[in-house]
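These notes are about the structure you will find just below.
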Amino acid sequence: MTLPNTPMKIIAGNSNRPLAEAISSYLGLPLAQAAIKRFSDMEVFVEIQENVRGQDVFVIQSTSYPANDNMLELLIIIDALRRGSARRITAVIPYFGYARQDRKTGGRTPISAKLVANLITTAGVDRVLTMELHAGQIQGFFDIPVDNLNISPVFVPDIQKKFAGQELVMISPDVGGVLRARALAKHLNADLAIIDKRREKAGVSEVMNVIGEVDGKVCIMVDDIVDSGGTLCNAAIALKEQGARAVHAYVVHGVLSGGAVARIAASQMESMVITDSIAATETVRMSPNITQLSIAPLMGEAMLRISEERSISELF
Ligand code: R5P
């Protein structure tokens with residue numbers, strides 16, 4: 001791999017240092033020196049401690065828990081870079097928080113994903129690089145280029161290795177995830193089934209019907225986010241009731257809030273694979289049935305291609 005002639009810089013926010021370091025090591029490019037701290041009243045202070053004038057700068061920050069702090073930190077880093085005359089600023093947001101609030105869910109409710117897109121754009125970024133947005137349409141909330149990476153190059157080889165020779169069905173745990181599950185099913189030459197999920201109130205999920213044939217098969221559920229774990233735990237029960245031989249899950253963003261890890265450990269799922277788009281807590285690392293795959297090579301490669309003005313779609 002050759003680095004571009006134009007100066008490229010990577011700055012890491014505090015939300016996911018392990019991923020930023022893994023990307024830095026993939027690119028063979030050290031993270032730029034920056035102080036990103038809190039004043040005693042918890043206001044964010046940023047000082048970029050290297051010259052960025054005229055440079056192609058990538059800011060790596062997932063807007064995961066604590067979402068609001070990490071979001072503001074991202075905005076303030078971008079402001080510091082813009083005022084430091086960076087030539088181009090790319091916000092690398094492996095996990096884009098607030099994405100689930102992408103439409104009005106009732107009267108007098110916000111579309112927070114759009115507001116967040118406005119904030120990031122107004123702060124001064126030139127483009128955004130992210131992964132498996134909750135809904136692809138969120139790209140249109142920005143009037144700047146957005147590259148929304150697909151997880152297939154990370155998940156497909158792992159599934160092929162672990163489940164070689166088994167009769168697989170890829171499962172979308174809700175109607176919104178069908179495109180993602182279908183894309184993986186195509187790569188793996190597997191069948192597809194869909195869970196018709198109804199959610200009575202926010203944060204509580206209820207499985208209704210399994211659409212498709214799962215009897216005697218190994219089911220692999222695919223989702224963008226696992227948060228409370230309710231969706232996937234309930235889906236696993238429904239799949240077992242329909243005769244599934246085994247149930248596993250591949251999820252891009254492990255939000256895993258509240259008692260999710262314990263809920264998953266006690267569930268009908270034999271295993272769950274997540275990525276490092278969100279830094280794993282100690283509880284997640286110690287979990288008996290959750291493992292992590294790294295998106296660092298894919299993210300790093302996409303960053304390199306952006307810097308060299310090369311195609312990203314060739315990666316898929
Ligand atoms: C919802 O549409 C998403 O794709 C996920 O299925 C959902 O966010 C998972 O949430 P939880 O784990 O709390 O059920």
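Quick grid of which residues meet (1) in contact with a helix residue (DSSP H, G or I) (Cβ under 7 Å, 6 or more places away or on another chain); (2) more than 9 Å from the ligand (Cβ to nearest atom):
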| residue | (1), (2) |
| --- | --- |
| 178 | no, yes |
| 181 | no, yes |
| 195 | yes, yes |
| 212 | no, yes |
| 225 | no, no |
| 234 | no, no |
| 248 | no, yes |
| 255 | no, no |
| 262 | no, yes |
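Any residue at all in segment 56-64 that is within 24 Å of residue 132 (Cβ to Cβ), touching a residue at least 24 places away in the same chain (Cβ under 8 Å), in a loop (DSSP other than H, G, I, E, B) and among the β-branched types (Val, Ile, Thr)? Scanning segment 56-64 turns up at least one residue that is within 24 Å of residue 132 (Cβ to Cβ), touching a residue at least 24 places away in the same chain (Cβ under 8 Å), in a loop (DSSP other than H, G, I, E, B) and among the β-branched types (Val, Ile, Thr).
Residues checked against (1) outside any strand (DSSP E or B); (2) within 24 Å of residue 97 (Cβ to Cβ); (3) within 16 Å of the ligand (Cβ to nearest atom); (4) without any contact (Cβ under 8 Å) to a residue 60 or more places away in the chain:
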| site | (1), (2), (3), (4) |
| --- | --- |
| 139 | yes, yes, no, yes |
| 143 | yes, yes, no, yes |
| 161 | yes, no, no, yes |
| 198 | no, no, yes, yes |
| 208 | no, no, yes, yes |
| 215 | yes, no, no, yes |
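Selection of segment 60-108 for residues being away from the ligand (no atom under 16 Å from the Cβ), polar (S, T, N, Q) and over 20 Å from residue 299 (Cβ atoms) yields 68, 85.
For residues that are open to solvent by less than 30 Å² (accessible area, probe 1.4 Å) and either among the aliphatic types (A, V, I, L, M) or touching a strand residue (DSSP E or B) at 6+ places or on another chain (Cβ under 7 Å) (or both), tally how many sit in segment 222-242. Qualifying residue count, segment 222-242: 12. Among the residues making up segment 143-173, those that are buried (at least 19 other Cβ atoms within 10 Å of the Cβ) and either over 30 Å from residue 304 (Cα atoms) or among the aliphatic types (A, V, I, L, M) (or both) are 146, 149, 151, 154, 159, 168, 169, 170, 171, 172, 173. The sole residue among 84, 140, 107 that is under 26 Å from residue 276 (Cα atoms), open to solvent by 20 Å² or more (accessible area, probe 1.4 Å) and over 15 Å from the mean Cα position of the chain (by Cα) is 140.
When segment 111-137 is filtered for residues that are closer than 20 Å to residue 79 by Cα, among the charged types (D, E, K, R) and not in a helix (DSSP H, G or I), the ones remaining, listed by number, are 126, 127.
Inspect segment 243-266 for any residue being open to solvent by 10 Å² or more (accessible area, probe 1.4 Å) and either touching a His at 6+ places or on another chain (Cβ under 6 Å) or of a type in the set (Asp, Glu) (or both) and give the result as yes or no. Scanning segment 243-266, I find no residue that is open to solvent by 10 Å² or more (accessible area, probe 1.4 Å) and either touching a His at 6+ places or on another chain (Cβ under 6 Å) or of a type in the set (Asp, Glu) (or both), so the answer is no.
Checking segment 115-137 against the condition returns a match, with at least one residue being at pLDDT 95 or above, of a type in the set (Asp, Glu) and crowded, with 22+ Cβ neighbours inside 10 Å.
The values are calculated or read from the model by the stated rules, or taken from the named source; none is laboratory data. Just so it is clear, the model here is predicted, and its values are computed rather than measured. Positions of Cβ are generated from backbone atoms using ideal geometry, with glycine treated the same way; all protein chains shown enter the neighbour counts. These accessible areas exclude ligands, DNA and RNA; they are computed on the full protein's heavy atoms, side chains included. Shrake-Rupley method; radii C 1.70, N 1.55, O 1.52, S 1.80 Å.
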